[in-house]
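Quick one: this structure, given as structure tokens, is what I'll be asking you about.
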Amino acid sequence: MTTPPPTTDLSADEARRIALRAQGFLGTPDRRAGVRGVLRHLGAVQLDTISVLARSHELIPYARLGAVGRRTVENAYWTTAPLGASAARPHAFEYWSHAACILPIEEWPHFAFRRRAYRGRPHWNHQLPDGTYDQVIKQLRTEGPLTATELGGAKKTSEWWDWSGTKVAVERALMYGEVVCVERRGWKRVYDLAERAIPADLLHDELDDAECLRRLVRLAGQSLGVGTRADIADYHRLKGEQVDAVIADSGLVPVAVEGWGKPAWADPAALETPPRGRHRTTLLSPFDSLIWERARTERIFGFTHRLEAYVPKPKRIHGYFAMPVLAGGRLVGRVDPAREGTTLVARQVTLDGPKAVPAVAQALAEAASWVDCTDIRVERVDAPELHAPLVKELADL
């Protein structure tokens, strides 16, 4: 693909600020729209099983809105809204986007390309016993929304990967779009028939692949503010060639960013006004869409980050679930947190020099309050001489 000449040049600082505003970290957040507004603004909120302070899908709105109640977060995602006297309209559904993600319900039609691709896959990692798929569909039709356990059990053995035939069937139906997840209950997916759960005006696969991809590329560009081809493809895990096929017609405009070394595309609305306003100071989930792509994070913030939860403990550098600290539009350190009763434990803290101490202390104090911890204990600071200043800063808050 030949990239058209850039319509404008951006400095690295301008690109960073555009990205921060697009992700909801610069300027005044729309508190009236709340958690659902954050979801619509980002286009995808990643789910993950790890829970240290809270699960990642709770940390995402917290990072942008502050101490929104955790029950409020869950209700915002999963509680249906009245739609007339006899129906309810879900706000969100779960599907495969960047990974397993919560997605705005209005985007259901735009994932038709992925549902079609899954239906055409020639083989799977799990064997599907004869008749199980039809039995699962019949059971959901008869009994209403059910978890995999309620359908007959999720696993054959205690190994997480050893799915039962029922689990294989319902997950395949989810990927195909015959079944949908519009709720998590106790972290378990609640499955329902798409024909019953998805609003009638959205329940279709009429859009061709090109139209679906144009929409998702446009959404990714809006959510990123500015990004390279790889950034945009990664947002909803598209292929590079899929992006190439539609980006010229997506509404995004080509730009050049100082120091990036590769062509970039921007949301034209993001270029209309210079980003300004208040910066958020907060701990970030490693699965936050601001930083979930390592190459982009390094390019924009000069910050190398890696989730080490799946790294053997002796090989970890920054800790099990090290959370970057955002302050003043920069990543100024990281904290590996834990909870012991009502104490928030900073097991390992990395600081970008003494100037980062107040911001990291503020981020820790706010996070502790949010999860109902009354005390904070700092165990290790990579620069030992900053341990005492950090403890003192926390005591003074």
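When the accessible area of the stretch 182-241 is split by element with a 1.4 Å probe, what percent falls to carbon and sulfur?
Reported share for carbon and sulfur atoms: 45 percent.
Moving to a separate point now. Using helices alone, what [θ] at 222 nm do you get for the chain, with -39,500 (n - 2.57) per DSSP H run of 4 or more residues, divided over all residues and rounded to the nearest 500?
It lands at -10500 deg cm²/dmol.
Return one whole number: the accessible area per residue of the stretch 23-68 in Å², for a 1.4 Å probe.
Using a 1.4 Å probe on heavy atoms only, each residue of the stretch 23-68 averages 34 Å².
For the chain, what relative contact order do you get, as a whole percent, if you take Cα pairs closer than 8 Å and at least 6 residues apart?
Contact order relative to length: 18 percent.
Could you run the Karplus curve 6.51 cos²θ - 1.76 cosθ + 1.60 with θ = phi - 60° over the stretch 33-40 and give me ³J(HN,Hα) per residue in whole Hz, x for Gly and Pro?
Running phi through 6.51 cos²θ - 1.76 cosθ + 1.60 with θ = phi - 60° gives 6, x, 4, 5, x, 4, 4, 5 Hz.
Let me ask another. May I ask for the net charge around Lys262, where only other residues with Cβ less than 15 Å from the Cβ of Lys262 are counted and Lys, Arg are +1 while Asp, Glu are -1?
In short, -4.
Between the stretch 112-154 and the stretch 36-78, how many Å separate their Cα centres?
28 Å
Which residue, Ala367, Ala112, Ala33, tops the fluctuation ranking in a GNM of the chain built on C-alpha contacts under 10 Å?
Comparing Ala367, Ala112, Ala33 in a Gaussian network model of the chain, the most mobile one is Ala33.
Put a dot 7 Å past each Cα toward the Cβ at Asp13 and Arg237; how far apart are the dots in nm?
Output for this residue pair reads 3.8 nm.
Quick one: Debye curve from the alpha-carbon atoms of the chain only, equal weights, vacuum; give me log10 I(q)/I(0) at q = 0.14 Å⁻¹ to two decimals.
-1.31
Any chance you could list P(r) for the stretch 90-140, counting all Cα-Cα pairs in 5 angstrom bins from zero, rounded to whole %?
It works out to 4, 15, 17, 20, 24, 15, 5, in whole percents.
Let me see the pair-distance distribution of the stretch 224-338: every alpha carbon pair, 5 Å bin width, integer percents in order.
Result returned by the calculation: 2, 10, 17, 20, 18, 14, 10, 6, 2, 0.
In percent, how large is the relative contact order of the stretch 10-122, given Cα pairs closer than 8 Å and 6 or more residues apart?
Value for the stretch 10-122: 23 percent.
Quick one: Kirkwood hydrodynamic radius for the stretch 196-284, alpha-carbon pairs, angstrom, one decimal?
With all distinct Cα pairs of the stretch 196-284 included, I get 14.7 Å.
Right, something else. What distance in nm lies between label points placed 7 Å from Cα along the C-beta direction at Ala365 and Leu128?
For the pair Ala365/Leu128, the computed spacing is 5.6 nm.
How big is the stretch 291-389 by the Kirkwood estimate over distinct Cα pairs, in Å?
14.0 Å
Hey, another quick one. What accessible area per residue, rounded to a whole number of Å², is obtained for the stretch 162-237 using a probe radius of 1.4 Å?
About 36 Å² of surface per residue is accessible.
Starting at the first residue of the stretch 229-236, write each ³J(HN,Hα) from the Karplus equation 6.51 cos²θ - 1.76 cosθ + 1.60 with θ = phi - 60°, in whole Hz, x for Gly and Pro.
3, 5, 4, 5, 5, 5, 4, 10
Which residues' amide hydrogens lie under 5 Å from the amide hydrogen of Val378, considering only partners 5 or more residues apart or on another chain, with H built in the peptide plane?
Distant-sequence amide H within range of Val378: Ala346.
How many lysine pairs are close in the chain, with Cα atoms under 16 Å apart and the two 8 or more places apart or on different chains?
For the chain, qualifying lysine pairs total 6.
Along the charge dipole of the chain, pointing to its positive end and built from +1/-1 on Cβ of Lys, Arg, Asp and Glu, which listed residue (Leu207, Leu59, His41) has its Cα farthest out?
About the Cα centre, the residue reaching furthest to the positive side is Leu59.
The values are calculated or read from the model by the stated rules, or taken from the named source; none is laboratory data. All values derive from a computational prediction rather than experimental measurement. Here the Cβ is made from the backbone with ideal geometry for all residues, glycine too, and neighbour counts use every protein chain on show. Note: accessible area is taken over every heavy atom of the protein model, side chains too, but ligands, DNA and RNA are not part of it. Shrake-Rupley method; radii C 1.70, N 1.55, O 1.52, S 1.80 Å.
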